[in-house]
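Student: Can you read through this structure? Questions will come right after.
The values are calculated or read from the model by the stated rules, or taken from the named source; none is laboratory data. These numbers were taken from a predicted model, which means no experiment stands behind them. For neighbour counting, all protein chains shown are included, and Cβ atoms are generated from backbone atoms with ideal geometry for every residue, glycine included.
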Amino acid sequence: MNHAHVGSSLAALAVLLVIAPALSGVVVRTKSAFAGRRGAPVGQLYWDLFKLMRKGTVYSTTTTWIFRAAPVVVLVSLTAASLLLPLDGQASPVQFSGDLIAFAGLLALGRFALVLAGLDTGSSFEGMGASREVTVASFAEPVLFLGFLGLVLATRRLTLSAMLGPALTAAWAHQTASLALVALAFFVLLLAENSRVPVDDPATHLELTMIHEVIVLDHSGPDLAVILYASSLKLALFAALIVEVAVPRDGLGLGWSLAAFAGGLLVVAMAVGVVESVMARLRLNRVPQLIVGAGALALFGIILLLR
Amino acid sequence: MSVLRDLGMRNRRAVPFASVPAEPVDEFRETVIGAVREGWRVVAMFGMPDGADATRVVAVLADDANGVLSATSMRVGERYPALTPDCPQVHAFEREIAEQCGVRPDGHPWLKPLRRHLPDHRPPARAEVVLDPDSYQFFKMDGAEVHEVAVGPVHAGIIEPGHFRFQAHGEDVLSLEIMLGYQHRGVERLLETSSAERAIHVAESIAGDTVIGHVGAACGAVEALARCRKTARAQAIRGIALELERLANHVGDLGAIAGDVAYQPAAAFFGALRGDCLNMLMTLTGNRFGRGLIRPGGVLWDLSPAMADDLRSRLERLGEDLEAAAAAMFGSASVQARLEGVGAVSGAQCLEMGFVGPVARACEVARDVRHDHPYGIFRFAHIPVATGWAGDVHARALVRWHEVRRSLEFVIEQLSALPRGEARTACGALRPNEIVVALQEGWRGELAHVVITDDGGAVRRHKVVDASFHNWTALALAMPGNQISDFPLCNKSFNLSYAGHDL
């Protein structure tokens with residue numbers, strides 16, 4: 001990999017890191033449009049983060065260093081995971097054979113830290129939330145691997161950088177159906193991993209029904225800001241994964257590639273908003289069925305590749 | 001043949017208090033238990049001091065099929081054998097009597113403080129506190145995998161305070177215990193000791209979302225005791241106000257139910273339309289929650305023809321918008337999948353425990369005061385009773401929606417043909433030594449105000465029973481076997497009043 005590629009992929013990473021909070025704003029704005037409301041500004045989360053960064057932090061006396069470490073671990077693991085994706089459509093800043101397992105592992109590490117922090121508070125709500133989060137994750141992770149397996153089979157590459165880079169453009173010409181199914185499975189995965197409707201309701205205030213939000217109830221101030229930012233980054237990361245699979249950008253110049261990347265993120269965020277506007281949340285014990293359904297989509301894509 | 005004597009008592013028809021039998025304890029128990037077995041329903045049961053050291057316990061029962069009310073009473077000292085083991089629907093009333101009057105119902109299976117306050121209707125020579133307000137023993141389950149979840153009294157949303165204690169196994173609820181009383185203000189005592197002018201304001205404040213309901217019932221009781229005849233116009237305006245209140249709350253509830261399952265379109269539109277309903281109440285009464293309209297003898301504010309026309313056209317527009325929002329909500333498969341089969345109450349539970357209102361109607365128990373014990377405008381304009389059969393969250397939502405449609409039709413019809421006449425007539429002094437029961441179908445169900453006057457025609461006892469008093473038990477019965485994550489949805493489908501219960 002030459003230096004030009006490192007530069008362009010870092011530029012794409014910068015785009016991702018900067019616009020992540022805006023993507024959450026786009027989801028909210030899309031929902032508002034459906035509800036006939038004006039809605040909060042797209043940049044609201046930036047202001048919220050700014051506000052939280054200037055506040056103090058309150059720690060419960062039952063918590064330990066685990067609780068304090070969690071926000072940092074979440075943010076670092078997600079940022080590290082985004083280093084593995086070829087966000088410019090060419091190559092990723094960090095790559096090694098089998099890095100797709102590291103990608104899944106980094107996501108799991110972030111979740112593990114957050115779940116531990118939730119348990120650390122000793123609250124029954126957060127304990128329930130932690131149990132739910134892990135349940136959802138244990139169904140979601142195999143789907144991620146199935147999707148990756150589909151990509152591996154379609155491109156015959158073993159690094160994220162290669163299989164989502166130029167090789168993908170060639171694969172789209174022959175394996176259209178499989179890749180489309182993988183992209184669809186990743187979209188359901190995005191909804192599940194990011195606690196969106198129909199899996200969870202990010203807008204609810206009801207602690208008994210929440211999955212993800214309830215784990216972070218005890219975080220405040222800059223800690224909460226880091227967690228909120230990391231959550232928006234996670235949404236952006238999954239949206240980026242979908243854009244990478246769905247929009248091969250080989251042959252576009254850096255400018256067009258970045259524009260297509262940002263535009264793709266926007267479309268995914270709007271799609272999330274549309275899903276949240278047109279359907280109700282699933283009953284909690286039905287959530288695994290949805291995720292297994294996404295796994296079935298990816299599996300079907302794989303079967304098509306094995307012809 | 002009923003074991004209860006026919007006293008000529010009907011909804012809002014006063015009878016001499018002396019005609020209410022004062023039976024020995026055993027006979028009282030037999031009468032009440034026997035009547036309930038025959039199909040009578042306990043509307044209210046309460047105690048009041050009778051002499052220096054005894055308590056008079058009065059039970060008011062209703063025969064809904066025939067529109068008849070009746071009452072009986074007993075005189076007890078320190079204790080009496082509880083009725084609850086043989087007649088579960090009085091379980092909360094007996095806890096209330098123990099708490100208010102310091103009388104112990106022996107053999108009550110769940111004798112815990114109800115609102116956690118000191119006795120306020122205790123005979124003067126007694127000093128017992130049967131239920132210590134500071135000691136509340138929660139039901140507990142043992143087992144390595146059973147865990148306890150405590151919610152409230154401070155909640156995440158802007159709602160009233162109440163404490164819920166779950167015993168759960170993972171996501172499955174094994175039992176739910178509800179502890180209330182945080183909103184206790186001593187409403188009954190205030191109604192009994194305040195001047196008539198002030199008592200009306202107290203009645204309006206029993207539950208902030210049931211202003212018309214409670215003040216209508218309180219005025220109904222006062223008017224019956226004063227033999228005051230209201231004009232047809234006043235009754236029509238009261239009926240319009242009551243149904244507007246029902247509209248506003250049912251529409252708000254439908255929106256809140258949609259919000260709890262994260263179905264945004266219906267949540268947003270019903271939420272906005274609730275505002276429209278409240279604004280109409282504002283046009284009618286000058287207050288978005290209907291305060292300051294109903295007073296003894298009629299209503300304070302008349303409706304001009306221009307206002308009536310304006311309201312009618314707004315209601316017609318509202319009807320169209322509501323149809324669209326309801327079509328979205330009830331037509332959505334994801335919403336149906338979420339609502340059906342959650343939080344079911346059976347018809348048998350309903351009959352046994354005496355639930356009222358939409359909760360009862362959602363399991364095919366067609367109880368509706370407007371139909372069973374008609375009063376005021378409802379003697380002339382009949383609103384069909386909406387029922388469901390499944391008794392689950394979906395059925396309760398659907399019953400609300402049908403009631404919204406019917407209330408809308410009723411109000412539009414009344415506005416088109418308002419009777420002429422004065423809005424208010426004079427209401428004189430109360431007759432001494434009488435008892436009256438005023439029932440009203442509030443939007444949550446039956447509201448009962450029982451008023452007993454003394455020798456001088458002053459209020460001796462003013463008993464208030466909100467629909468929530470009966471129905472909180474329904475929520476506790478509906479939860480076991482459900483998922484703990486469904487509790488907020490289930491709770492919303494009942495939407496019971498904390499203030500109305502706590503008084």
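Student: Could you grab me the full set of residues in region B:290-326 that are in a helix (DSSP H, G or I), among the small types (Gly, Ala, Ser) and either within 14 Å of chain A (Cβ to nearest Cβ) or in contact with a Gly (Cβ under 7 Å, 6 or more places away or on another chain) (or both)?
Tutor: Of everything in region B:290-326, those that are in a helix (DSSP H, G or I), among the small types (Gly, Ala, Ser) and either within 14 Å of chain A (Cβ to nearest Cβ) or in contact with a Gly (Cβ under 7 Å, 6 or more places away or on another chain) (or both) turn out to be B:Ala324, B:Ala325.
Student: Out of the residues in region B:479-498 that are over 18 Å from B:Leu254 (Cβ atoms) and in a helix (DSSP H, G or I), state the one that is farthest from the other protein chains (Cβ to nearest Cβ).
Tutor: B:Tyr498
Student: Identify, from the list A:Ser82, A:Ser9, the residue that is more than 14 Å from chain B (Cβ to nearest Cβ), farther than 20 Å from A:Leu228 by Cα and out of contact with any Gly (no Cβ under 7 Å at 6 or more places or on another chain).
Tutor: A:Ser9
Student: Continuing with the same structure: Of the numbered conditions (1) away from chain B (no Cβ under 14 Å); (2) within 15 Å of the chain's Cα centre (by Cα), A:Val292 satisfies every one except a single condition; which is it?
Tutor: Result: A:Val292 fails condition (2) only.
Student: Can you find even one residue in region A:230-253 that is without any contact (Cβ under 8 Å) to a residue 12 or more places away in the chain and either surrounded by fewer than 24 Cβ atoms within 10 Å (Cβ to Cβ) or touching a helix residue (DSSP H, G or I) at 6+ places or on another chain (Cβ under 9 Å) (or both)?
Tutor: yes
Student: Also: So A:Val274 passes all but one of these: (1) modelled with pLDDT under 90; (2) β-branched (Val, Ile, Thr); (3) over 19 Å from A:His174 (Cβ atoms). Which condition number does it fail?
Tutor: The one condition A:Val274 does not meet is (1).
Student: So, in region A:52-94, how many residues would count as being loosely packed, with under 13 Cβ neighbours inside 10 Å and free of Cβ contacts under 8 Å to residues at least 12 places away in the same chain?
Tutor: 3
Student: Quick test of your reading of the structure: B:Phe164 fulfils all but one of (1) touching a Gly at 6+ places or on another chain (Cβ under 7 Å); (2) part of a strand (DSSP E or B); (3) away from chain A (no Cβ under 14 Å). Name the failing condition by number.
Tutor: (3)
Student: Say we look at region A:207-223 and pick out the residues that are over 12 Å from A:Gly127 (Cα atoms) and either surrounded by 24 or more Cβ atoms within 10 Å (Cβ to Cβ) or of a type in the set (Ser, Thr, Tyr) (or both); which of these is nearest to the other protein chains (Cβ to nearest Cβ)?
Tutor: Across region A:207-223, the extreme among qualifying residues is A:Thr209.
Student: May I ask you to verify whether B:Leu176 is buried (at least 17 other Cβ atoms within 10 Å of the Cβ), touching a helix residue (DSSP H, G or I) at 6+ places or on another chain (Cβ under 6 Å) and in contact (Cβ under 8 Å) with a residue 24 or more places away in the chain?
Tutor: Judged against the criteria, B:Leu176 is a match.
Student: Quick one: B:Ser19 ticks every box in (1) buried (at least 17 other Cβ atoms within 10 Å of the Cβ); (2) free of Cβ contacts under 8 Å to residues at least 24 places away in the same chain bar one, so which box is it?
Tutor: (1)
Student: Please identify the pairs in which a residue from region B:139-161 that is under 20 Å from B:Asp209 (Cα atoms) has its Cβ atom under 7 Å from the Cβ atom of a residue that is surrounded by 11 or more Cβ atoms within 10 Å (Cβ to Cβ) and of a type in the set (Ser, Thr, Tyr), counting only partners at least 6 apart or on another chain.
Tutor: From region B:139-161, the pairs are B:Pro153/B:Tyr182; B:Glu160/B:Tyr498; B:Pro161/B:Tyr182; B:Pro161/B:Tyr498.
Student: Within region A:25-68, which residues are over 23 Å from B:Gly259 (Cβ atoms) and among the polar types (S, T, N, Q)?
Tutor: Result: A:Thr57, A:Ser60, A:Thr61, A:Thr62, A:Thr63, A:Thr64.
Student: Something else now. Examine region B:380-387 for a residue that is surrounded by fewer than 24 Cβ atoms within 10 Å (Cβ to Cβ), modelled with pLDDT of 90 or more and assigned to a helix (DSSP H, G or I), and state whether such a residue exists.
Tutor: No, there is no match, as no residue in region B:380-387 is surrounded by fewer than 24 Cβ atoms within 10 Å (Cβ to Cβ), modelled with pLDDT of 90 or more and assigned to a helix (DSSP H, G or I).
Student: Only one of (1) within 14 Å of chain B (Cβ to nearest Cβ); (2) part of a helix (DSSP H, G or I); (3) among the hydrophobic types (A, V, I, L, M, F, W, C) fails for A:Ala173. Which number is that?
Tutor: Of the numbered conditions (1) within 14 Å of chain B (Cβ to nearest Cβ); (2) part of a helix (DSSP H, G or I); (3) among the hydrophobic types (A, V, I, L, M, F, W, C), the odd one out for A:Ala173 is (1).
Student: Same structure, new question: Would you confirm whether or not region B:104-117 contains a residue that is at positive phi, surrounded by fewer than 22 Cβ atoms within 10 Å (Cβ to Cβ) and not assigned by TED's automatic domain parsing to the domain that holds B:Val465?
Tutor: Yes, region B:104-117 contains a residue that is at positive phi, surrounded by fewer than 22 Cβ atoms within 10 Å (Cβ to Cβ) and not assigned by TED's automatic domain parsing to the domain that holds B:Val465.
Student: For B:Ile257, which of the numbered conditions (1) more than 19 Å from B:Arg406 (Cα to Cα); (2) away from chain A (no Cβ under 14 Å) fails to hold?
Tutor: Condition not satisfied by B:Ile257: (2).
Student: Filter region B:392-444 for residues that are assigned to a loop (DSSP other than H, G, I, E, B), surrounded by 18 or more Cβ atoms within 10 Å (Cβ to Cβ) and of a type outside the set (A, V, I, L, M) and give the result.
Tutor: B:Asp392, B:Cys427, B:Trp443, B:Arg444
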